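The values are calculated or read from the model by the stated rules, or taken from the named source; none is laboratory data. Just so it is clear, the structure is predicted and the values come from calculations on it, not from any experiment. Positions of Cβ are backbone-derived with ideal geometry, glycine not excepted, and every protein chain shown enters the neighbour counts. Only protein heavy atoms, including side chains, enter the accessible area calculation; ligands, DNA and RNA are left aside. Shrake-Rupley method; radii C 1.70, N 1.55, O 1.52, S 1.80 Å.
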Amino acid sequence: MTRFLLAALLLLPSSALFAQAAKPAPAAPAATAHPEVVLHTSQGDITLELYPDKSPKSVANFLQYVRDGFYSGTVFHRAIPGYLVQGGLYTRDLQAKRTRSAIPSEADNGVSNVRGTVAVARGADPNSGTAQFFFNLVDNRRLDFVGNQSGLTWGYAVFGKVIKGMDVVDKMAALPTRGLGPFAGDVPNPLIVIDSANVVGEESAATPATTPQQAAPATQPAKKPSGKKG
């Protein structure tokens, strides 16, 4: 009897190990998909990878504009070598298109404005970003969030990066610039036009957006990052 109990006790550890091994492993959390968008421009194609895990509101906003066909026919109206290239709102005639409501700033997401990233352009109010965006040509860490005291300290929300076509962005920045329309300078010559934009894996938007919710503020025609004039 004692021998039987000892044998049973010796079997317990191996049986427990077997039960543990047989228990199904917990499923790994699903990775957040990073959608990609291609901008087909008059200077070449640019492919962006977006960060919905870091900037969900900014990414959703940008994707909606893309799917609505909003960017088709808009231009990059501002190019400053060693700084940024900005666009997404103005037509070939440099008339601002009507936009949706502004979105809350996500500049405090921990993502820095380094070379190749794309960020939400805005006015003095951190929460005034709509359709405009800009590419960082260099590491613009001074555009990062440092505090919520003012629009200057809030910084600019990065929501993606260029994964293909950074040479196209550099080519844009190398074009001569001029003053044109409402802008005193920094308008590329010739104008750089976004012919179309599409989400990778989805059909290109063929129909422009329907009547949006609000007009772009006339008081801030450039909606540009602070720290640079023009």
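Taking a ≥ b ≥ c as the square roots of the eigenvalues of the Cα gyration tensor, region 42-87 is classed as oblate, since a/c reaches at least 1.5 and a/b does not exceed b/c.
Full extension from Asp108 to Ala60: what is 0.36 nm times the residue separation minus their Cα-Cα distance, to one decimal in nm?
Values: separation 48, 0.36 × 48 = 17.28 nm, distance 1.71 nm.
Result: 15.6 nm gained on full extension.
Available extension along the chain between Arg92 and Leu180 is 30.6 nm, counting 0.36 nm per residue and deducting the alpha carbon span. Report the calculated FRET efficiency for Leu152 and Val200 (r = Cβ-Cβ distance, R0 = 45 Å), to the nearest 0.05. After rounding to 0.05, the efficiency reads 0.80. Counting Lys +1, Arg +1, Asp -1, Glu -1, what net charge surrounds Phe70 among other residues with beta carbon under 12 Å of its beta carbon? Combined, the nearby Lys, Arg, Asp and Glu give +3.
Under a 5 Å amide H cut-off, with hydrogens placed 1.01 Å from N, Ile192 pairs with Phe76 among residues at least 5 apart or on other chains. Between Asp139 and Asn189, the simple spin-label model (points 7 angstrom out along Cα→Cβ) gives 3.5 nm. What does the C-alpha gyration tensor say about the overall shape of region 135-201? Classify as rounded when a/c is under 1.5, otherwise prolate if a/b is larger than b/c, or oblate. Because a/c hits 1.5 or more and a/b fails to exceed b/c, region 135-201 counts as oblate.
Between Glu36 and Asp167, the modelled label-to-label distance comes to 1.7 nm, taking each label 7 Å out from Cα in the direction of the beta carbon.
How much accessible area per residue does region 38-94 have, counting only protein heavy atoms and a probe of 1.4 Å, in square angstrom? Could you put the intermediate results ahead of the total?
On the way: 1660 Å² over 57 residues.
On a per-residue basis, region 38-94 sits at 29 Å².
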